[in-house]
1. Just the residues that are in a helix (DSSP H, G or I), more than 16 Å from ligand 2 (Cβ to nearest atom) and of a type in the set (S, T, N, Q), please, taken from region 321-349.
2. Got at least one residue in region 179-193 being touching a Phe, Trp or Tyr at 6+ places or on another chain (Cβ under 8 Å), buried (at least 19 other Cβ atoms within 10 Å of the Cβ), assigned to a helix (DSSP H, G or I) and among the β-branched types (Val, Ile, Thr)?
3. Out of all the residues in region 481-495, is one or more among the basic types (Lys, Arg) and either closer than 22 Å to Arg297 by Cα or crowded, with 17+ Cβ neighbours inside 10 Å (or both)?
4. Is it the case that Ala116 is at negative phi, at pLDDT below 95, surrounded by fewer than 21 Cβ atoms within 10 Å (Cβ to Cβ) and away from ligand 2 (no atom under 16 Å from the Cβ)?
5. Looking for whichever is within 18 Å of Ala575 (Cα to Cα), away from ligand 2 (no atom under 14 Å from the Cβ) and surrounded by fewer than 21 Cβ atoms within 10 Å (Cβ to Cβ) here; the options are Asp60, Asp76, Asp104. Which one fits?
6. Given the condition in contact (Cβ under 8 Å) with a residue 60 or more places away in the chain, buried (at least 20 other Cβ atoms within 10 Å of the Cβ) and not hydrophobic (A, V, I, L, M, F, W, C), answer yes or no: does some residue in region 344-355 qualify?
7. Go through region 322-343 and report how many residues are basic (Lys, Arg) and surrounded by fewer than 20 Cβ atoms within 10 Å (Cβ to Cβ).
8. Which is within 16 Å of ligand 2 (Cβ to nearest atom), modelled with pLDDT of 95 or more and outside any strand (DSSP E or B), of Thr123, Thr219?
Amino acid sequence: MKIKIFTIVSLLIINSAVRADEGMWIPLLLKKYTIEDMQKKGFKLTAEDIYSVNQACLKDAIVIFGRGCTGELISDQGLILTNHHCGYGRIQAHSSLEHDYLTDGFWAMSRDEELANPGLSVTFLVRMEDVTKDVLDGITEKDDEAVRERKIGENITKIQNENSDGSNYRVSIKPFYYGNEYYMFIYEEYRDVRLVGAPPSSIGKFGGDTDNWMWPRHTGDFSIFRIYANKENKPADYSKDNVPYKPKKHLSISMKGINKGDFTMVFGYPGSTEQYLTSHGVKMIMDDSNPHKINIRAKLLEIMKTDMDASDKVRIQYSSKYAGIANYWKKWIGENKGLKKLNAIRKKEQLEMEFQKWAEADRKRNEKYGRLLTDFGKIYKELTPYSLTLDYLSEALLSLDMVRFAGNFREIESFTDKEAFIKQSEQYKAQAAGFFKDFNTPTCKKLFTSMVRIYRDSVDAEFQPGLFSQIDAKFKGNIDAFVSDIFEKSNLTTEEKFNMLFEKPSLKTISVIKNDPFYILYNDLVSIYRNKLMLKIDMLNSRLDKLYRLYVTGLKEMQTEKIFYPDANFTMRIAYGKVDDYFPTDGVFYEHFTTLEGIMEKDNPLIYDYDVPDKLRELYKSKDYGRYADKEGKMRVCFTASNHTTGGNSGSPVLNANGELIGVNFDRNWEGTMSDIMYNPDQCRNITLDIRYVLFIVDKFAGATHLINEMTIIE
Ligand code: ARG
Ligand code: GLU
């Protein structure tokens, strides 16, 4: 008897070691791999309810929001829910000192108040298909990488042409498991998406960058949009005559709340993970890439923050840029800590030793896999310095707004016809208006100075842009003087100079831009990027891809009991797990949910990020939570669960065992951010905004009850 119990227990341990909530699964393959395990863990629906081409299913309620987030349909009138930080750029773009929607929030009280967002789209997945056979058709083991890539490219074009139905659908084919498998995705994109509601930043971004990536968390990170379509319910450019889109499926919202241990599932578009990285790859990230990128960004943030704190105008101008830079700066810090604590390099090395032994134990295997790890080592050694230079180039210089603005003119030299150029100038002017709205010359000058210094100090002479040679030649090493000079000379550094130049655009304008120091710098940097860096890096990466393709094949042969999930690649995935708490460090325990009490504990009118809006303070005082309170009468705000998520899962619906919406995913815990490289079931948690808090804010705080009435709410 005793022995039996022992065997059962140890079997359970082995099983959970294999599954333990890790993984981002392909919806098409649920039946084959995961649905049974999901159901065992409490899920009540079938694989067909999640993904099907024969019936309306959950997948029809999920969209790609913009370029890098997820959103979900929450009414039969095209209403979609996503994160505040996903709508942030749009909310910011509609904001000015007069209408500061960032600070005050925005609520359309009727359909005609909903705000159009040129350039914003949402994308539905119509269907997906395994096309591995067709993509790899005609490819043999003997083909070298260049030939292989060419053949794959040709096959992909062919499949794309066969499957694009008129112009409405977009066909995308992506490699999985480093090109061991290929899947095709047919997408339909809606281009008229309007802003319906956003809470003030003091709710939607509560805790700001201080709380970002952190638990306990109290951010009401949501915003609401609506999809519009033409009369046939098909995609159309913005038009007054468009009507709210009628979805095949929208999510029901559960008011039942969550308990520790409840089944949860996240459905969305995780961007990228690197689970199969070798120890060399992890080392490059931990020891080289991350520390340098962290330093560069820390500098940028420090400069921006000083200017933003000193002026409301600059704060509004730079808030979106600041948030963008701060986000991954902090993520990389957490990632490095997490990898270190996990002993990730050591763990990878152990796996590699095991792999090597396994390969050498058999003559055929040895031939195929025996040299793999040595080859990895060699290529990474060669790659590391180039990759680091690329980090400096893209983080310090190419990402600067001034440099990117100059890049807008990259086609200017091709104009020889005055009329055509004058026409194009309208577009340049429009771009410039957008750019200067969020641009402050003194701030930019400080940022640029600091980045020139860092780049000069850290990067080999071979990769220095020609313009920088002036620093010694003309300015005796004085970087400030150099920067002042080019800011003075450039016509792109203030709105006045730009407008004067483009007041009467002529062929002369072209030659002025051609000689503009920032235009020259931009071109210089691009040429360094293309000709000195990427030629080499692409070549090394393509050799790495080949090694990884083989490595993953080998790992699958070696670990036959394990189910391998493909790395995230911004295609639709499902992660499932359970509501769960955790111990972040020795002696510290984190509860799995937070409440409005916590918001009040953090309340501090003196700190922008923690200044609770008066209306919310009142609602808290009167405990006016209505039906949105939990059983104890508390207002829940966020919760943690063990779903494996990453960037791109922002805005993803978090669903319960019945497939009902219980929250919106918006972050991970800091201790778990290494999950992009190595998942740790004890430490990795996704952070979800409780749907009841969303509804409470919409209803009680904003008084936008008409939106609640559109939704399907299950009490
Ligand atoms: N960390 C979350 C994500 O990766 C939220 C980001 C919001 N941005 C911010 N700087 N607070 O996207
Ligand atoms: N905030 C992230 C995003 O924008 C999601 C958090 C994560 O990386 O897990 O997608």
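1. Matches in region 321-349: none.
2. Looking through region 179-193, none of the residues is touching a Phe, Trp or Tyr at 6+ places or on another chain (Cβ under 8 Å), buried (at least 19 other Cβ atoms within 10 Å of the Cβ), assigned to a helix (DSSP H, G or I) and among the β-branched types (Val, Ile, Thr).
3. Narrowing region 481-495 to residues among the basic types (Lys, Arg): 489.
From what's left, either closer than 22 Å to Arg297 by Cα or crowded, with 17+ Cβ neighbours inside 10 Å (or both): none.
Looking through region 481-495, none of the residues is among the basic types (Lys, Arg) and either closer than 22 Å to Arg297 by Cα or crowded, with 17+ Cβ neighbours inside 10 Å (or both).
4. It is false that Ala116 is at negative phi, at pLDDT below 95, surrounded by fewer than 21 Cβ atoms within 10 Å (Cβ to Cβ) and away from ligand 2 (no atom under 16 Å from the Cβ).
5. None of the others qualify; the one that does is Asp60.
6. Yes - at least one qualifying residue is present in region 344-355.
7. The first filter runs over region 322-343 and keeps only residues basic (Lys, Arg), leaving 330-331, 337, 340-341.
Narrowing further to those that are surrounded by fewer than 20 Cβ atoms within 10 Å (Cβ to Cβ): 337, 340-341.
Residues that pass the stated criteria total 3.
8. Values: Thr123 fails: outside any strand (DSSP E or B).
Thr219 is the lone residue from the list that is within 16 Å of ligand 2 (Cβ to nearest atom), modelled with pLDDT of 95 or more and outside any strand (DSSP E or B).
The values are calculated or read from the model by the stated rules, or taken from the named source; none is laboratory data. Only a predicted model underlies this, so the values are computations on that prediction, with no experimental measurement involved. Note that we place each Cβ from the backbone using ideal geometry, even for glycine, and neighbour counts take in every protein chain shown.
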